[in-house]
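Worksheet: the structure to be examined is printed underneath.
The values are calculated or read from the model by the stated rules, or taken from the named source; none is laboratory data. Everything numeric in this text was worked out from a predicted model, so none of it was measured. Glycine gets a Cβ as well: all are built from the backbone with ideal geometry, and neighbour counts include every protein chain shown. What goes into the accessible areas is simple: the full protein's heavy atoms, side chains included, and nothing from ligands, DNA or RNA. Shrake-Rupley method; radii C 1.70, N 1.55, O 1.52, S 1.80 Å.
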Amino acid sequence: MTGTPEKDPEEWTTGDEPMTGPQESYLHTLAREAGEDVPDDLTKAGASELIDRLQQETGRGV
């Protein structure tokens, strides 16, 4: 198997910390394209999950 298996964001040891600046910036870009709003109080794990969903909706995650 090649690559590194992805760990579920819910299992991240820092997943309950506030989302990072880069996550927030990218989320706002994706949300704008998807016509959605980004909650201000997302955690790192929550931001990662929302990024995954919005990437699918916008076609950026392909």
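Heavy atoms of the protein chains alone define the surface here; on that basis segment 7-62 has 65 Å² accessible area per residue at 1.4 Å probe size.
Here T14 and A34 are evaluated by their C-beta separation; at R0 = 30 Å the FRET efficiency comes out at 0.70.
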